[in-house]
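Novice: Sharing a structure, written as structure tokens. Questions coming.
The values are calculated or read from the model by the stated rules, or taken from the named source; none is laboratory data. Every value quoted in this text rests on a predicted model; they were computed, and no experiment measured them. As a convention, Cβ positions derive from the backbone with ideal geometry for all residues, glycine included, and neighbour counts pool all protein chains shown.
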Amino acid sequence: MAERENARLLHEVKSLLDKNADLRAHTVTMSGSNTGSKPSTSWDAWDPVSLSLPTAGCTSSPLPPVVDITIPKAYKTQVQALPLQAFEGATDVETVYLYLKQLDNRVRLVRTFSDAQRIEYAISYMSGAAHRWATDDWYPKNPRATWAQFITAFKARWVPANAALVLSGKLERLELKGTEIDRINDVYRATLELLGFGDLSKIGESDQYYQMYLRKIRDPAIINTISHLSLTTGGLDLDTLLKYTATLMVRKLASQPAKVTPTPPPGKESARTNPSRPTKKAGRVSVQAIEETTAEEEKPNEQLNAVTDARTSKPRSPPFNARRCYFCEDPGHIQSECPAKKELMARLKSGKV
């Protein structure tokens, strides 16, 4: 689809050039000012890279490149889902890394882009000093550069000198997790690419970044498997180590049984699972001892010691009168002075009951 559209546009441009050449020749003939030099009107004289249109007697500078970077409809939704922030020329390592990582994600998605379209797309997401560097300094000197050459020049200009120290510390802080192993491996690769290690298959077992990744593996079974593979194959590289580690971790997670949380039986809701029922801490009830006194020592306005009751989940008991008879429930006397009890005891002794 894109190739047919490009062919149609090229054909239209060629037709316009031919018509322009015929018009100029006709104008020269009508005015009689032909100097004998034939203007350059051939299609081969047009540079498709610089897009400088051939004109007779034109001494102006070539037109800037016009590259179509319209995202095809088949990729538009996927591209919009990937974030990409404009790069303003900061020398912070994390900012440069984030821009290159997000840019690489989009460029890898739109595989129909040529190198010129990729470069133009990257420049369109630059502003400030970075955009001036790309359009005024680098691109005029490298009109036919490839995508790899552009990335190399970008790193040479914007990656600071202490990037190796900062990024090495970032790699040291990474932790391997089975559920995120693919994302962590991708971060490890992208960080090494920013350091200049594009091909991880060239990093052997003696390299510091190979040993750094190997130390992150905590599972003894995976370590033994990788050691066995290293001995049987004559040594591994970092690219193979990343792939084997991801495969082994995913298989281990798949072999583990799923955790089933026990569910309470229906109809029996406990206070812990019922959010509408407020829970209270069980408190201690402290009761002070009350000494029994004789009738002579009793006073009509006798006071009882207060009973303190802390918060508890049980309802409070009704007020309790300590001065009452347990035999006849009469609050006017105590059990030892109860006449009904004395009468009953006398009848029991006499055998009248």
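Novice: Name the one entry in Ala134, Ala130, Ala153 that is surrounded by 16 or more Cβ atoms within 10 Å (Cβ to Cβ), more than 24 Å from Gln80 (Cβ to Cβ) and touching a helix residue (DSSP H, G or I) at 6+ places or on another chain (Cβ under 8 Å).
Specialist: Going through Ala134, Ala130, Ala153 in turn, just one is surrounded by 16 or more Cβ atoms within 10 Å (Cβ to Cβ), more than 24 Å from Gln80 (Cβ to Cβ) and touching a helix residue (DSSP H, G or I) at 6+ places or on another chain (Cβ under 8 Å): Ala153.
Novice: OK, next. Take residues that are β-branched (Val, Ile, Thr), over 19 Å from Glu193 (Cα atoms) and not assigned by TED's automatic domain parsing to the domain that holds Val187 and tell me which of the helices (runs of 4 or more DSSP H) falling wholly in region 69-128 contain 1 or more.
Specialist: 73-81, 115-124
Novice: Only one of these conditions is not met by Ala161: (1) assigned to a helix (DSSP H, G or I); (2) without any contact (Cβ under 8 Å) to a residue 12 or more places away in the chain; (3) exposed (fewer than 15 other Cβ atoms within 10 Å of the Cβ). Which number is it?
Specialist: All conditions pass for Ala161, except number (1).
Novice: Among the candidates Ser52, Ser61, which residue alone is part of a loop (DSSP other than H, G, I, E, B), surrounded by 12 or more Cβ atoms within 10 Å (Cβ to Cβ) and at pLDDT below 70?
Specialist: When all the criteria are applied, what remains is Ser52.
Novice: Checking Val79 against (1) modelled with pLDDT of 85 or more; (2) loosely packed, with under 10 Cβ neighbours inside 10 Å; (3) β-branched (Val, Ile, Thr), which test does it fail?
Specialist: The number of the failed condition is (2).
Novice: Residues that are among the hydroxyl-bearing types (Ser, Thr, Tyr), modelled with pLDDT of 90 or more and either surrounded by fewer than 16 Cβ atoms within 10 Å (Cβ to Cβ) or touching a Lys or Arg at 6+ places or on another chain (Cβ under 7 Å) (or both): does region 171-190 have at least one?
Specialist: Taking every residue of region 171-190 in turn, none turns out to be among the hydroxyl-bearing types (Ser, Thr, Tyr), modelled with pLDDT of 90 or more and either surrounded by fewer than 16 Cβ atoms within 10 Å (Cβ to Cβ) or touching a Lys or Arg at 6+ places or on another chain (Cβ under 7 Å) (or both).
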